[in-house]
Amino acid sequence: AASGKLLWRNDAWNRREGTTSTLSTNDDVVIGSVQWSALYANDARNGKLLWTRSDSGLRNRGASAAIHGNLIYIISEKAFFILDAQTGRTIVRKDLEYSVYVTSTPLLTDREIIFGTAQRGLVALDNQTLEELWNCEVGDALIYTAPYTRPVSATIETSPILAGNLVWVAASDGCIYGIDKRQGQIKWKHATGAPAFGSVAASGNALVATDFGGNVYLFHTSK
């Protein structure tokens, strides 16, 4: 960052078809992805390929991973996974009754694991038992981006964030939501008129969001 000097370059895998996911990293690993190919882990210090996973439904995925400690949390097809970051070993696979063919990175809180879905809006799992705590439905998508979906599809492609006691997320129905973290109830909602495919951002008591119509929104939230 200080000099711009190249430290390493990944030569073990290429982008091929590309991907909608972004890189995830901690001090030890960088997690990358290629749509229709695999999930990859490179050593963060030297770029050496550590492992590749293309089995168990991890190949067909557009979501980015969340890394907490040495664990990777990720959704793919119709399942939720917890993987070992160093080895790629599956620690937990939870099959879901709905599609998560979306680009939503799981949000981890003190109690919940929260992510968007293709047809059921926002879902929260208990981070100990992985049982569903709540499901917050949103409106029908204005554009059907998630594969194999059709009306009615309550799609959330974006990643939720936590600010205060509310989970903030933008949805494909053209609305931005503030959702109670414990109960999954909608506490605040703003309709933009265009679907949202970019995650919201919070800074202090300000919330920033964008929509597919090219608009940028700045909201002032209560402290």
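The values are calculated or read from the model by the stated rules, or taken from the named source; none is laboratory data. Just so you know, these numbers come straight off a predicted model, no measurement behind them. Ideal geometry is used to build each Cβ from the backbone, glycine not excepted, and the neighbour counts take in all protein chains shown. The area values use the complete protein model at the heavy-atom level, side chains included, leaving out ligands, DNA and RNA. Shrake-Rupley method; radii C 1.70, N 1.55, O 1.52, S 1.80 Å.
Computed quantities for the displayed model
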| quantity | calculated |
| --- | --- |
| Net charge of neighbours whose Cβ lies under 11 Å from the Cβ of residue 121, counting Lys and Arg as +1 and Asp and Glu as -1 | -2 |
| Accessible surface of the chain [probe 1.4 Å, protein heavy atoms]: carbon and sulfur percent | 49 |
| Label selected from [x] 18.5; [y] 21.8; [z] 18.0, the criterion being Kirkwood radius over Cα pairs in Å as computed here | [z] |
| Two-site FRET efficiency, residue 7 against residue 52, from Cβ-Cβ distance with R₀ of 22 Å, rounded to 0.05 | 0.50 |
| Mean Cα-pair separation over length for segment 83-213, i.e. relative contact order, pairs under 8 Å, 6 or more apart, % | 17 |
| Percentage relative contact order, segment 1-100, counting C-alpha pairs under 8 Å, at least six apart | 19 |
| Chain lengthening between residue 45 and residue 16 when straightened (0.36 nm per residue, less Cα-Cα) | 8.0 nm |
| Percent of beta bridges antiparallel (DSSP, segment 87-223, rounded to nearest 5) | 95 |
| Percent breakdown of C-alpha pair distances by 5 Å bin, ordered from the shortest bin, for segment 1-116 | 2, 12, 22, 25, 19, 10, 5, 3, 1, 0 |
| Computed E for residue 148/residue 126 - FRET, C-beta separation, R0 25 angstrom, nearest 0.05 | 0.35 |
| Accessible area expressed per residue, segment 42-141, with surrounding protein chains retained (probe 1.4 Å, Å²) | 39 |
| Nonlocal amide H pairs with residue 174, under 5 Å, H built at 1.01 Å | 142, 196 |
| Where Rh is the Kirkwood radius over Cα pairs, Rg/Rh for segment 112-173 | 1.00 |
| Top positive-direction residue, dipole computed over segment 166-223 with Cβ charges, set 197, 210, 166 | 166 |
